[in-house]
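The values are calculated or read from the model by the stated rules, or taken from the named source; none is laboratory data. Treat the numbers as computed from the prediction; the structure is a model and nothing was measured. Quick reminder, even Gly has a Cβ in these numbers, built from the backbone with ideal geometry, and neighbours come from all protein chains shown. Heavy atoms of the whole protein, side chains included, go into the accessibility calculation; ligands, DNA and RNA do not. Shrake-Rupley method; radii C 1.70, N 1.55, O 1.52, S 1.80 Å.
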Amino acid sequence: MDAVRIYGGKSLSGQTKIQGSKNASLPILAATLLTDGICEIENCPDIADVYHMLRLLRSLGCQIERRGDVIRVDTTRLSECDMPADSVGVMRSSIMLLGALLARTGEVSMEYPGGCVIGKRPIDLHLYALRRMGVEIEEGETAFCAKASRLVGTVQELPFVSVGVTENLILAAVLASGETVIHPAAREPEIQALCEFLICAGAKIAGAGTDRLVIEGVEKLHPTRFRVPADRIVAGTYLTACLCAGGRVFLQDAPCAHMESVIACAERFGARLGRETDGLLVEGRADRRLEGGLTTAVYPGFPTDLQSLFMVVMAVSGQDGFIEEDVFENRFRIVPELVKMGACIQIAGTKAYIRGGHSLHNTIVEAQELRGGAALVVAALAAEGTGIVKNRHFIDRGYEDITLRLRELGAAVELA
Ligand code: UD1
């Protein structure tokens, strides 16, 4: 069955190693297309989204080899610029191939990308910004075709901050003629990682990690070897598992420097956290009220990808509180499932109000997207009785063997 079984009500104790970052691996794998030769990407997580990205790269003619956590991508012979619709449709990062392929081959046709159902998630800004670099785009019902004989550097003043648009523009700009300015650029650590990879490959990028990127196009990039950083969202997920179930866990390799807003929030809930050189120590259970609620924002603000997980923390803390989702308009899909487990939550526009004092009990619930699915597993750890979270495939998109990792932390969970 495509599910996770959880025996709830057990406090945690143990340690686990945090996997490489999904949101850094995907654009970096797309970026290998900009080089001509063999790139080696270390610490790539073994998750479904990486599998789909590799499948897309193979369909374009890349030779792929996986040895442990190192993926070798040989981009010497690209043959196709059409991609399998089922892999494009399953994840939003397939849009990353657009900027990279335009730079490498000048022509792409693809289905509109999929991904988690957490809002409208249009690609209008991607297409608008690429058109400004000289790309001609024909939009059909289910697919579109983009062509550029030459990508031209330009000043991109964007109407809002977008992670994906910033990444796509970086990929299009590194081999474009002239200078591209991206403002406001997203500052997520995954964008810094993409810039570091490209700089290692010979790109000229200034301002990585700031809201203004200046990219000077170069003639050519060379293949390189690069290590993907640890996944701050996965580390945040296991942190919330401890906050909900209680106990003491060590998250080896957790990227503390990129988790400041998350660590600060966990401390406000009453947990004790220790930033070690090789990871993050988490101790205690959430039992305090979060004055002023929690609002998601672009980095370095509180990540929307951990919103549903902290909603669970709030629901089990026994205190009233609210969460405001300011990045995606439909990211409260776990609320009905949490209500089935006994939580008292009401949604009003972009805010969810959580009432304390309602203890959770386990039952059968359904994951509907990646982070919400992980949040339901975390909720079940803190709930009484035995629970089932269905649709594990959503969780597998971004988590390497979540049941094994949680067992390392002392939880009683298994595949079902
Ligand atoms: C990336 C992350 C995702 C994270 C999100 C916000 C990856 C693979 N995914 O998604 O995990 O939740 O950043 O941190 O890295 N928008 C438009 N038009 C566009 C593009 C975006 O309206 O053309 C809107 C989106 O609907 C959303 C907002 O902009 O409301 C932010 O989205 P964006 O930052 O682009 O997120 P993604 O890159 O899709």
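Distance distribution P(r), segment 22-227, all Cα-Cα pairs, bin width 10 angstrom from 0: 9, 40, 40, 11, 0 percent.
For segment 1-78, the ratio of Cα radius of gyration to the globular rule of thumb 2.2 N^0.38 Å stands at 1.42.
Distance between the modelled labels on THR142 and ASP69, one decimal in nanometres: 3.9 nm (7 Å Cα→Cβ projection).
Take each peptide in 402-413, 348-359, count the other Cβ atoms within 10 Å of every residue, and average; sorted highest first, the result is 402-413, 348-359. Ranking LEU221, ALA143, LEU78 by Cα position along the charge dipole of segment 22-227, where only Lys, Arg, Asp and Glu carry charges on their C-beta atoms, puts LEU221 farthest toward the positive end.
Lys-Lys pairs in the chain that are eight or more residues apart or on separate chains and whose Cα atoms lie under 23 Å of each other come to 9.
Of all DSSP bridge pairs formed entirely within the chain, close to 70 percent run antiparallel. For the chain, the longest principal axis of the Cα atoms and the long axis of helix 189-200 meet at an angle of about 30 degrees. Loop-resident GluC sites (Glu not before Pro) (DSSP state other than H, G, I, E or B) in segment 3-96 with no more than 16 further Cβ atoms inside 10 Å of their Cβ: GLU80. Given a 1.4 angstrom probe, I'd like the percentage of the accessible area of segment 22-227 that is carbon and sulfur, rounded to a whole number. In segment 22-227, the share of accessible area belonging to carbon and sulfur is 47 percent. Sorted largest first, the principal axis extents computed over the alpha-carbon atoms of segment 278-339 equal 33, 30, 23 Å. Looking at the chain, the pairs of alpha carbons with a distance over 33 Å make up 32% of the total. The accessible area of LYS204, taken with all protein chains in place and a 1.4 Å probe, comes to roughly 120 Å². Between GLY202, ALA172, ALA129, the Cα set farthest toward the positive side of the dipole of segment 22-227 (charges on each charged residue's Cβ, about the Cα centre) is that of GLY202.
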